[in-house]
Every structure is written in C-alpha cells, then in structure tokens.
Amino acid sequence: MKVVVCVKQIPDPADPGALNPETNTLKRDTKLILDESDSYGVEMALQLVDAAGEGSVHLVSMAPNNEVSGLRTALAMGAESATLVSDDALSGSDALGTARVLAAAISKNEPDLVLAATESSDGYTGVVPEQIAELLDLPSVTFAKEIEINSGTAKVRRQTEAGADLVECPLPAVVSVTAGVVEPRYPSFKGIMGAKNKPVDELTISDLGIDAAQVGWAGSGQSIVKVYDAPPREAGEVIEDDGTAHERVVQFLDDLKVI
C-alpha cells in the first residue's frame, strides 16, 4: 500500500516573523518547520503501512526557496521519500492554487490513499484536502479520527458535532485527519541521520504541466486587504452562587453546545 501525505512547512509559530508590507502575507524566507497538524497525518500513514505489512509513505509539499527542513523532520519520523514543489511563480497562491499543485504532484505517485490535515496552522482555510479530491476525482472523507484499510476499502470514524459517523469508501481516496488522532512519534537520532539521505524530488510548475496563470498572485481569487491586532480578551463572567449557580453553569455549557 502506498500512502501519500500532504505536509506543509510553515514559519515557527514561536517566532512567526514579519509580514510582507506589500502583500500582508507572512514572510517565508526563513527556516520553515513541519506544521504540527501534519505530523498526525504522517504518523497515521506510518501506522497504516505497518498494519498492512507492506507499502511506503511518500510526502508531498509546496514551499518557497527549495525549503526541506520540515520535510526532513517527517522523513526522520519514518517516511521513505518526498516530493517538493518550489517555484517563484507560486508566491501568493490561494487554497485552490495550492490544491492544483499538490494534486498534480500526488498524481505522479499513484497512491492508494492520500492523507492531509484538516487545515494548516498558518492558513486555516480547511478546504485544500477536498479541493485535491475534486481535482483528482477521488472520494473524500473529512475529520477522520480512526482509519482502517481492508480489501481496497477505507473504513473511517469521523468526528462530528453530535459524536461520530462511521463511513466507508473505496480506495484510492483522500482523507483529512484531525489533531489528536494518533500520538506522533519523535524522530530518533538514527532517523534524523537517515533522513538526510532519503530522496526528495524537487519539481517546478513546468515539471507538473501547470500554467503560471493558474497559481500565485496571477491565479489567486483573493487578496489580504488589511491585517490588524486582535482585540484584547474581555474579562469572563463571574457567577456568585446564591443557590442557583449550577443552573447558570448548565445554561452556559448548553449555549456552547457542550452538552
């Protein structure tokens, strides 16, 4: 079984850097790291291949400046190989442009299963996995908490507001996983050293047959008009117990749809 995992390399959230004043987008000219949300997909892929008893895990990423630091982390976890798409023409790509690039790179690998995070930690669009599935004409399952592969079928337990759905779909398919679905392993020293020699195929959009007008600022259907600080957090509500505080707490939780 071959599993492809979409991974994003992002500025370190602990030191996110500055915004580009012309575009109001994050500057990505520093070292990038593996998005934590994607580490769950990598771990899930490794566990599925182990359970199958054969197969491989391949990574697909899109990043500027031929950046591979985040990919090397995922390779150190146990993935066998990776594809990096890096091209100046990709700067400013929106979600659909990103999906076009990743879908084209994925199609070159002909996987049985494609895994992705529900959303990235620096974009939060939450639509790229479904766009990839549409572009590849594959079934899509979202918010996966558990995945079982059996006889060419994916059985997925997906998280919902009301609990969970149990769904099945034929392979190949695209499945997005939620944070906490598994506990990502820490790369061992041996894994870190071995990752340096694992193959990373570096491609441009011309290698993928993608027109520059479909990606980057030229193909983007959106722009960031303004960025401003979030308002300060307001003080919480203080409830003094006069014998009915429990009712107010229950009502508060009900309003949040926790109960």
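The values are calculated or read from the model by the stated rules, or taken from the named source; none is laboratory data. Because the structure is a prediction, the values reported are computed rather than measured. Neighbour counts are summed over all protein chains in view; Cβ atoms, including those assigned to glycine, are modelled from backbone coordinates with ideal geometry. Each accessible area value is taken on the protein alone, full model and side chains, heavy atoms only, with ligands, DNA and RNA left out. Shrake-Rupley method; radii C 1.70, N 1.55, O 1.52, S 1.80 Å.
For the stretch 188-235, just the Cα atoms, rotate onto the principal axes and tell me the three extents in Å, largest first.
Computed over the stretch 188-235, the largest-to-smallest principal extents equal 50, 40, 10 Å.
Please arrange Tyr40, Tyr186 by accessible surface area, largest first, computed with a 1.4 Å probe and ligands excluded.
Solvent-accessible surface, decreasing: Tyr186, Tyr40.
So which lysines pass the test for Lys257, namely a Cα distance under 26 Å, with those fewer than 8 places away in the same chain ruled out?
Lys145
Of the peptides 75-85, 208-218, how do they stack up when ordered by the mean number of other Cβ atoms within 10 Å, highest first?
Order by mean packing, descending: 75-85, 208-218.
Relative to the present Cα-Cα distance, how much length would full extension add between Glu202 and Ser188 at 0.36 nm per residue of separation?
Length difference between fully extended and current span is 2.5 nm.
Could you report the stretch 15-58's accessible area per residue, 1.4 Å probe, as an integer in Å²?
The answer is 51 Å² per residue.
Largest first and in whole Å, give the semi-axes of the stretch 35-91's equivalent ellipsoid, each being the square root of 5 times a Cα gyration tensor eigenvalue.
24, 11, 9
A 32 angstrom limit on the alpha carbon distance is what I want to check against. Which of Lys2/Lys226; Lys108/Lys226; Lys2/Lys190; Lys198/Lys226; Lys27/Lys198; Lys2/Lys31 exceed it?
From the list (Lys2/Lys226; Lys108/Lys226; Lys2/Lys190; Lys198/Lys226; Lys27/Lys198; Lys2/Lys31), the Cα-Cα distance tops 32 Å for Lys2/Lys226; Lys108/Lys226; Lys198/Lys226.
Out of the total accessible area of the chain (probe 1.4 Å, heavy atoms of protein only), what percent is carbon and sulfur?
Summing carbon and sulfur atoms, their accessible area is 50 percent of the total for the chain.
By per-residue mean of other Cβ atoms within 10 Å, what is the highest-first order of 60-73, 18-31?
The packing order, highest mean first, is 60-73, 18-31.
Bin by bin, in steps of 5 Å, what percent of the Cα pairs in the stretch 83-134 do you find, going until the bin that has the longest distance?
Calculated over all Cα pairs of the stretch 83-134, the distribution is 4, 18, 30, 27, 17, 4, 0 percent.
Using only the Cα atoms of the chain, what are the Rg and Dmax in Å?
Spelled out, the Cα radius of gyration and Dmax of the chain are 20.5, 70 Å.
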